[in-house]
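Scroll down for the structure; my scribbles are underneath it.
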Amino acid sequence: MRAEKKYITKEYVARLNDSPFFLVVDYKGLTVGQFTELRKRLTRAGSEVHVVKNSIFRIAAKEAGVADLSGTLAGQLAVVTGRRDVSVAAKALKTFQSEFEKPRLKFGYLNNQRLETAELMALADLPSIEVLRGKLLGLLQAPAAQLARLLNTPATQLARVLQARIDKGA
């Protein structure tokens, strides 16, 4: 392998090791402007997309210990990686695909587990991790807030009775 290819392979190995997931998309038919827009949206989602040569990416995935992608890489492919939540990146891809009918999501890997297109679309429909944390926090706080209201009710009622007595006596 030439020195340039070794350098590019090392770069992809580093990206795969830094990211808990990667998504493979077929970008065939996208214009430069559309691809630039896709990059912007994925950047806002905490991810990045890179056009990759199939043979180099196959070697990089094998070196990173992710998977053996022999036979699964064909066509014009780009790889989406990120350090944040996979559902946010999948959602950005799904939204972009609904607007432009491209790119086509082929498959992905999350923590060395292969995910097919249907599974990735299900992930895209999930709320983001921040929203899920907020819901969980709300569920945990609700009983405590209700208990505080219950404990506060007798004192509030006593204060009202005393205030009514003062108002009546004055």
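Here are a few things to note about the model shown:
- Acute angle (nearest 10 degrees) that the helix 3-18 long axis makes with the longest principal axis of the chain, alpha-carbon atoms: 20 degrees
- Options 74, 105, 93, ranked by Cα towards positive dipole end of segment 58-160, top entry (Cβ charges): 93
- Value of D in µm² per second that Stokes-Einstein yields for the chain, Kirkwood Rh from Cα pairs, at 37 °C (0.692 mPa s): 171 µm²/s
- Pairs with C-alpha atoms separated by more than 32 Å, drawn from the list 6/40; 28/135; 10/102; 40/135, are 28/135.
- To the nearest ten degrees, helix 32-44 and the longest principal axis of the Cα atoms of the chain are 40 degrees apart.
- The chain: angle of helix 129-169 to the longest principal axis, Cα-based, in degrees nearest 10: 10 degrees
- Average Cα contact separation per residue, segment 3-126, under 8 Å, 6 or more apart, as relative contact order %: 36 percent
- Simple point charges give the picture: +1 on the Cβ of Lys and Arg, -1 on the Cβ of Asp and Glu, and for the chain a dipole about the Cα centre of about 280 debye.
We did not get these values from a lab; they are worked out from the coordinates using the rules stated. Please read these numbers as outputs of a predicted model, since none were measured by experiment. So basically every Cβ, Gly included, is an ideal-geometry build from the backbone, and we count neighbours across all protein chains shown.
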